[in-house]
Amino acid sequence: RQMCIRDRSNIMYEYDKRVVLTLDAGGTNFVFSAIQGNSQIIAPISFPSVSDNLDKCLANLLAGFDTVMKKLETLPVAISFAFPGPADYRNGVIGGNLPNFPSFRNGVALGPFLQHHYGIPVFIENDGNLFAYGEALSGALPMVNQQLSISGNTREYKNLLGITLGTGFGAGVVINNCLLNGDNGCGGDTWLMRNKKYPNMIAEESVSIRAVKRVYAELSGVEDKSLTPKDIFDIAEGIKEGDRQAAVASFGEMGEMAGSAIASALNIVDGLVVIGGGLAGASRYILPALIAELRSSVSMFSGETFPCVQMDVYNWEDEVERKDFLAPCDREVYIPGTEIKVPYNYSKRIAVLCSREGTSCSIMRGAYAYALQSICLLYTSPSPRDISGS
């Protein structure tokens with residue numbers, strides 16, 4: 001499925017009456033709910049995930065969705081949720097090296113299992129993809145475009161790179177309002193990019209919760225495994241005792257390493273960057289280093305240098321930079337030999353900003369839109385019989 005929205009007047013789904021069942025799948029708990037009109041209509045219901053016992057895990061999945069359905073006044077049209085990868089999302093099969101779900105490692109047809117039981121379509125995707133999709137349809141992308149219009153700027157952005165900073169280094173890409181799934185379900189992955197500081201390691205080793213904890217321990221000389229990223233943030237804020245300089249530097253290093261990977265992605269995506277995830281709360285310490293990395297240069301053997309990305313990068317969270325980004329940047333030039341003028345957008349710009357309504361909300365909205373778009377494609381895509389004309 002290639003998720004692509006063309007009718008941009010209805011991308012918010014605010015008035016859509018269809019109901020979609022949702023799931024927040026964690027290694028400890030499953031949290032179930034339902035969405036209608038792009039809003040949660042059922043208070044979350046939690047069941048243990050029992051991730052090391054497949055039979056009990058599947059039984060709790062059914063119990064959770066059954067409990068939600070009993071509270072609904074309208075029958076759901078689909079189930080849609082994010083599930084930890086790796087997985088064959090297209091076919092709804094979860095499997096591979098899943099530390100939080102050991103009972104799924106040999107491959108479990110979770111989507112078909114739920115679809116067979118409930119008789120409605122089931123859609124499963126990567127959480128980074130759904131985060132990016134939600135931000136593109138009803139989060140950062142429309143918000144930035146609205147602010148541009150208010151400022152008299154004729155630019156309109158259609159591409160977005162969504163980044164989640166937390167347990168891992170997640171990402172998703174939306175191009176021209178279409179979610180990039182990839183032929184193998186690997187579209188938009190940044191976690192596996194080369195690590196700037198440790199070239200033989202993956203980027204995620206320096207862009208994750210474990211990275212912040214490791215770097216703080218290295219810089220402070222304090223090996224305290226009980227410290228959480230929130231503790232380290234509080235140390236950076238000066239409200240908890242500890243090595244404040246090391247705390248600030250641990251988030252800064254993560255920003256630099258993330259920026260290196262994001263720079264490579266931006267040379268393909270060329271769009272806005274929106275940051276979410278549990279570590280986004282420390283953005284005041286992460287973004288400066290991330291932005292500085294995006295503004296760094298690369299060189300040639302001749303000595304000539306180039307910016308590592310072609311666009312001017314603006315920090316949306318800085319008021320002055322945000323105003324500069326929003327300022328009109330159109331000129332007019334003459335067609336040679338005529339008195340006719342044509343518009344000329346002389347400034348290449350992108351902005352980096354934090355999610356406004358939070359990662360969970362964006363994933364929820366992304367899952368809702370993903371399901372409704374998928375249903376639309378299911379009923380409008382021609383079958384092989386239709387294509388052959390027989």
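Annotations
- FRET efficiency estimate (nearest 0.05) - Cβ-Cβ, Q40 to K323, R0 35 angstrom: 0.55
- Hydrophobic, long helices, defined as DSSP H runs whose alpha-carbon span along the helix axis is 27 Å or greater and whose mean Kyte-Doolittle value is at least 0.0, occur in the chain at 244-269, 359-380.
- For the peptides 174-186, 325-337, the ranking by packing is 174-186, 325-337, with the highest mean count of neighbouring Cβ atoms within 10 Å listed first.
- Residue (of Y314, I235, P336) at the positive-pole extreme of the chain, dipole from beta-carbon charges: P336
- Cross-link pairs exceeding 23 Å between alpha carbons, from the set K158/K348; K158/K341; K17/K158; K17/K70; K158/K230; K17/K71: K158/K341; K17/K158; K158/K230.
- Judged by the mean number of other Cβ atoms found within 10 Å, the most tightly packed of the peptides 367-377, 230-240 leads the ranking 367-377, 230-240.
- Assuming charge only on the beta carbon of Lys and Arg (+1) and of Asp and Glu (-1), the dipole of the stretch 125-200 about its Cα centre is about 380 debye to the nearest 20.
- Relative protection proxy for 81-94, 215-228, from highest mean packing down: 81-94, 215-228 (other beta-carbon atoms within 10 angstrom).
- By definition, a body whose alpha carbon gyration tensor gives a ≥ b ≥ c is oblate when a/c is 1.5 or more and a/b is not larger than b/c, and the stretch 114-207 fits this oblate description.
- Each other residue within a Cβ distance under 9 Å of F83 adds +1 if Lys or Arg and -1 if Asp or Glu, for a net charge of -2.
- Carbon and sulfur %, accessible surface of the stretch 253-390 computed with the full protein complex present, 1.4 Å: 54
- Rounded to whole numbers, the Karplus 3J(HN,Hα) couplings from phi for the stretch 185-195 are x, 10, x, x, 5, 10, 4, 8, 5, 5, 7 Hz, using 6.51 cos²θ - 1.76 cosθ + 1.60 with θ = phi - 60°, and x at Gly and Pro.
- Average accessible surface area per residue within the stretch 105-247, 1.4 Å rolling probe, Å²: 46
- FRET E, pair H117, L377, Förster distance 25 Å, beta-carbon r, rounded to 0.05: 0.65
- Around I363: net Lys/Arg minus Asp/Glu count, Cβ-Cβ under 10 Å: -3
- For A78, the residues whose amide H sits under 5 Å from its own are L21, ignoring neighbours fewer than 5 places away on the same chain, with H placed 1.01 Å from N.
- Cβ-based charge dipole, the stretch 162-268, positive-most Cα from I209, C186, M257: C186
- Taking all protein chains into account, the per residue accessible area for the stretch 259-390 stands at 55 Å² (1.4 Å probe).
- For the stretch 238-243, 3J(HN,Hα) computed residue by residue from phi via the Karplus equation (6.51, -1.76, 1.60; θ = phi - 60°) reads x, 9, 9, 5, x, 8 Hz, glycine and proline entered as x.
- The amide H of K240, built 1.01 Å from its N in the peptide plane, has I235 as neighbours under 5 Å, considering only residues 5 or more places off or on other chains.
- Amide H to amide H distances under 5 Å link S296 with C308, where only residues 5 or more positions off or on other chains count and H is placed in the peptide plane.
- Global geometry of the chain, whether rounded, prolate or oblate, following the gyration tensor of its Cα atoms and the 1.5 cut on a/c: oblate
- Antiparallel bridges, percent of DSSP beta bridges restricted to the chain (to nearest 5): 60
- Only helices enter the 222 nm calculation for the chain: every DSSP H run of n ≥ 4 contributes -39,500 (n - 2.57), and dividing by all residues gives -11500 deg cm²/dmol, rounded to 500.
- For the chain, size of Cβ-based charge dipole, Lys and Arg +1, Asp and Glu -1, in debye: 660
- Each Lys and Arg Cβ is given +1 and each Asp and Glu Cβ -1; about its Cα centre, the stretch 269-352 then shows a dipole of about 80 debye.
The values are calculated or read from the model by the stated rules, or taken from the named source; none is laboratory data. Being a predicted model, the structure only gives us computed values, none of them experimental. Please note: Cβ atoms are built from the backbone with ideal geometry, for glycine as well, and neighbour counts cover all protein chains shown. Just the protein is used for accessible areas: all its heavy atoms, side chains included, with ligands, DNA and RNA removed. Shrake-Rupley method; radii C 1.70, N 1.55, O 1.52, S 1.80 Å.
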